[in-house]
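Colleague: The following block contains the structure, expressed as structure tokens.
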Amino acid sequence: MNTIDETYYFPLDRYIDPERMSRIREFAQSRETPFLVVDLDLIKERYERFQKTMPFAKVYYAVKANPMDEVIEVLRDLGSNFDVATRYELDQLLRLGVDPSRMSYGNTIKKRSDIAYFFEKGVRVFCSDSFEDTQNIADHAPGSRIFFRLITEGSGSDWPLSRKFGAHSDLIFNLALRSRDLGLVPWGLSFHVGSQQRDIGQYDDGISRAKYLFNCLRDEGIRLSMINIGGGFPANYVDPTLPMETYASEIKRFLHEDFGDVLPEVLIEPGRGMTADAGVIVSEIVLVAKKSKNGLYRWVYLDIGMFGGLIETFNEAIRYPIYFDKTGKSEEIILAGPTCDSMDILYQNYRYRMPHSCRIGDRAYIFSAGAYTQSYSSVNFNGFPPLEAFVLPRNAQPVATVS
Ligand SMILES: Cc1ncc(COP(=O)(O)O)c(C=O)c1O
């Protein structure tokens, strides 16, 4: 039932401090929407938080989450390493002066020519989860270090990365043996618990499966020395998660329970947890309409939708905090995007509220939108250009970047 007339309440201070918000408002004032604005200070803060809470882990930032040059530059200067998915990301990192020794080719699905390209450019760390790919790595990146990705269920996560990636332990066991025979250096194991993982215990499962394989392979003379626990670290969406500090202390406990006092080299590949909270999408209400005279809910169409960068609203998986900058009585609404595709509905089951006083042309702010938005936006669907992204200026003047 549509609960009309409830006073509009949005916990703004859970997502942004007032000073940042006023800078965003100011920046947005004279600018065509939609666009993403990213606060680089927050990226720095997140990187430092990973370092502080998980000092035992080396960070490999997952470039795909937010590949803006400025984000990469900040992380490069802070000393981050990079999880690279394609030769295009590799080219970008090289252009920005990142040394290949700070990269790993983490995509298990790659062409032989791409493996050769990475090798030629100096990358010596590859991930695999199949015999075919491992053979290709041996052929085109001889002598490289290789790590193997375990399959996970992804349960407990908002955006699972199951089935398509990783392989079962028995296959990985044989793969490690084969890689040695092929002249590669079996380095370690990886897994990804699913993105925006809310169940910290999923890391425990992955770690104990990895430890079991460490033992089995040691019996065969292979001494693995690295565990890569992937991403899954939380961003600040509508449903709260435990704080990052709890993720870190629990993961540390799991690692020590399985590996004892001396840990292998630990890698993490945060994407969402690094960049999501640093980004705000500024959008505009295009239309507010009812579908029937007695319809309960009004449809609110924004100028950004699934194809403009909010594809992770698919099945309402990621629930972005969406803020209408008005006060007063409010109503539950259905939120949709601007394109001519009926799939382009953001939220119709989970009910967002909008103040009655909102009008066509008013702004809507989408928080925690710095990850998997601009990089997902379509190039020309319905003629819409890809989502523009800017760095939030520390003072008044905007600095334009990627379009
Ligand atoms: C191999 C790999 N590592 C890390 C990540 C980043 O995960 P998250 O955004 O959950 O931190 C991804 C995301 O797709 C991935 O595919």
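The values are calculated or read from the model by the stated rules, or taken from the named source; none is laboratory data. Since this is a predicted model, take the numbers as computed values, not measurements. So basically every Cβ, Gly included, is an ideal-geometry build from the backbone, and we count neighbours across all protein chains shown. The accessibility values were calculated without ligands, DNA or RNA, using every heavy atom of the protein model including side chains. Shrake-Rupley method; radii C 1.70, N 1.55, O 1.52, S 1.80 Å.
Colleague: In the range 227-250, which residue that is of a type in the set (A, V, I, L, M), surrounded by fewer than 24 Cβ atoms within 10 Å (Cβ to Cβ) and within 16 Å of the ligand (Cβ to nearest atom) is nearest to Arg149 (Cα to Cα)?
Modeller: Pass one, the range 227-250, residues of a type in the set (A, V, I, L, M): 227, 229, 235, 238, 242, 244, 248.
Right, trim to surrounded by fewer than 24 Cβ atoms within 10 Å (Cβ to Cβ) and you get 238, 242, 244, 248.
From what's left, within 16 Å of the ligand (Cβ to nearest atom): 242, 244, 248.
On the way: Leu242: 26, Met244: 24, Ala248: 21 Å.
That would be Ala248.
Colleague: Every residue in the range 190-219 that is under 18 Å from Ser179 (Cα atoms) and basic (Lys, Arg), please.
Modeller: Within the range 190-219, the subset under 18 Å from Ser179 (Cα atoms) is 190, 210, 213-219.
The one that is under 18 Å from Ser179 (Cα atoms) and basic (Lys, Arg): Arg218.
Colleague: Inside the range 296-306, can you point out the residues that are open to solvent by less than 40 Å² (accessible area, probe 1.4 Å) and under 21 Å from Glu388 (Cβ atoms)?
Modeller: Within the range 296-306, Leu302, Asp303, Ile304, Gly305, Met306 qualify.
Colleague: Scan the range 112-122 and give yes if some residue there is within 16 Å of the ligand (Cβ to nearest atom) and in a loop (DSSP other than H, G, I, E, B), otherwise no.
Modeller: no
Colleague: Now a separate question. Tell me, yes or no, whether the range 329-340 has at least one residue that is of a type in the set (Gly, Ala, Ser), in contact (Cβ under 8 Å) with a residue 12 or more places away in the chain, open to solvent by less than 30 Å² (accessible area, probe 1.4 Å) and more than 20 Å from Thr33 (Cβ to Cβ). Give the derivation first.
Modeller: Applying the first criterion (of a type in the set (Gly, Ala, Ser)) to the range 329-340 yields 330, 336-337.
Of the ones still in play, those that are also in contact (Cβ under 8 Å) with a residue 12 or more places away in the chain are 330, 336-337.
Filter once more, keeping what is open to solvent by less than 30 Å² (accessible area, probe 1.4 Å): 330, 336-337.
Still in the running and more than 20 Å from Thr33 (Cβ to Cβ): 330.
Yes, there is a match, as at least one residue in the range 329-340 is of a type in the set (Gly, Ala, Ser), in contact (Cβ under 8 Å) with a residue 12 or more places away in the chain, open to solvent by less than 30 Å² (accessible area, probe 1.4 Å) and more than 20 Å from Thr33 (Cβ to Cβ).
Colleague: Just a yes or no: is a residue in the range 29-39 out of contact with any strand residue (DSSP E or B) (no Cβ under 9 Å at 6 or more places or on another chain), under 28 Å from Ala235 (Cα atoms) and either among the small types (Gly, Ala, Ser) or surrounded by fewer than 19 Cβ atoms within 10 Å (Cβ to Cβ) (or both)?
Modeller: Yes: the range 29-39 contains one or more residues that are out of contact with any strand residue (DSSP E or B) (no Cβ under 9 Å at 6 or more places or on another chain), under 28 Å from Ala235 (Cα atoms) and either among the small types (Gly, Ala, Ser) or surrounded by fewer than 19 Cβ atoms within 10 Å (Cβ to Cβ) (or both).
Colleague: With touching a helix residue (DSSP H, G or I) at 6+ places or on another chain (Cβ under 9 Å) and surrounded by fewer than 23 Cβ atoms within 10 Å (Cβ to Cβ) as the only criterion, which of Ile345, Ile285 stands out? Don't jump to the end; show me each part of the working.
Modeller: Values: Ile285 fails: touching a helix residue (DSSP H, G or I) at 6+ places or on another chain (Cβ under 9 Å).
Going through Ile345, Ile285 in turn, the sole match is Ile345.
Colleague: Quick check on this structure: which one of Val262, Val266, Val280 is out of contact with any Ser or Thr (no Cβ under 7 Å at 6 or more places or on another chain) and within 16 Å of the ligand (Cβ to nearest atom)? Quick ask: steps written out before the conclusion?
Modeller: Values: Val262 fails: within 16 Å of the ligand (Cβ to nearest atom); Val280 fails: within 16 Å of the ligand (Cβ to nearest atom).
Exactly one residue qualifies, and that residue is Val266.
Colleague: Residue by residue through the range 76-110, note down the ones that are within 23 Å of Ile229 (Cβ to Cβ), within 16 Å of the ligand (Cβ to nearest atom) and loosely packed, with under 15 Cβ neighbours inside 10 Å.
Modeller: The one that is within 23 Å of Ile229 (Cβ to Cβ), within 16 Å of the ligand (Cβ to nearest atom) and loosely packed, with under 15 Cβ neighbours inside 10 Å: Ile109.
Here is a yes/no grid of residues against (1) open to solvent by 10 Å² or more (accessible area, probe 1.4 Å); (2) under 30 Å from Ala369 (Cβ atoms):
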residue: Gly183; (1), (2): yes, no
residue: Gly188; (1), (2): no, no
residue: Gly194; (1), (2): no, yes
residue: Ile200; (1), (2): yes, yes
residue: Arg218; (1), (2): yes, no
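Conditions tested, residue by residue: (1) part of a strand (DSSP E or B); (2) open to solvent by 60 Å² or more (accessible area, probe 1.4 Å).
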position	(1), (2)
Cys127	yes, no
Asn136	no, no
Asp139	no, yes
Gly143	no, no
Phe148	yes, no
Asp158	yes, no
Leu161	no, no
Lys164	no, yes
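Colleague: I need the full set of residues from the range 151-194 which are among the charged types (D, E, K, R) and within 16 Å of the ligand (Cβ to nearest atom), in order please. Steps first, please.
Modeller: Within the range 151-194, the subset among the charged types (D, E, K, R) is 153, 158, 163-164, 170, 178, 180-181.
Scanning the range 151-194 gives Glu153, Asp158, Arg163, Lys164.
Colleague: Let me ask another. Which of the following residues is at pLDDT 95 or above and not assigned by TED's automatic domain parsing to the domain that holds Asp181: Asp139, Asp91?
Modeller: Numbers: Asp139 fails: not assigned by TED's automatic domain parsing to the domain that holds Asp181.
The conditions single out Asp91.
Colleague: Are any residues in the range 195-221 more than 13 Å from the ligand (Cβ to nearest atom) and under 27 Å from Pro243 (Cβ atoms), and if so, which ones? Even if it seems obvious, please write down each step before you answer.
Modeller: Of all residues in the range 195-221, those more than 13 Å from the ligand (Cβ to nearest atom) come to 199-201, 204-205, 207-221.
Once the filter is applied, which keeps residues that are more than 13 Å from the ligand (Cβ to nearest atom) and under 27 Å from Pro243 (Cβ atoms), the range 195-221 yields Asp199, Ile200, Gly201, Asp204, Asp205, Ile207, Ser208, Arg209, Ala210, Lys211.
Colleague: Report yes if Ser22 is open to solvent by 80 Å² or more (accessible area, probe 1.4 Å) and over 25 Å from the mean Cα position of the chain (by Cα), otherwise no. Walk me through it before giving the result.
Modeller: Numbers: open to solvent by 80 Å² or more (accessible area, probe 1.4 Å): no; over 25 Å from the mean Cα position of the chain (by Cα): yes.
No, not satisfied.
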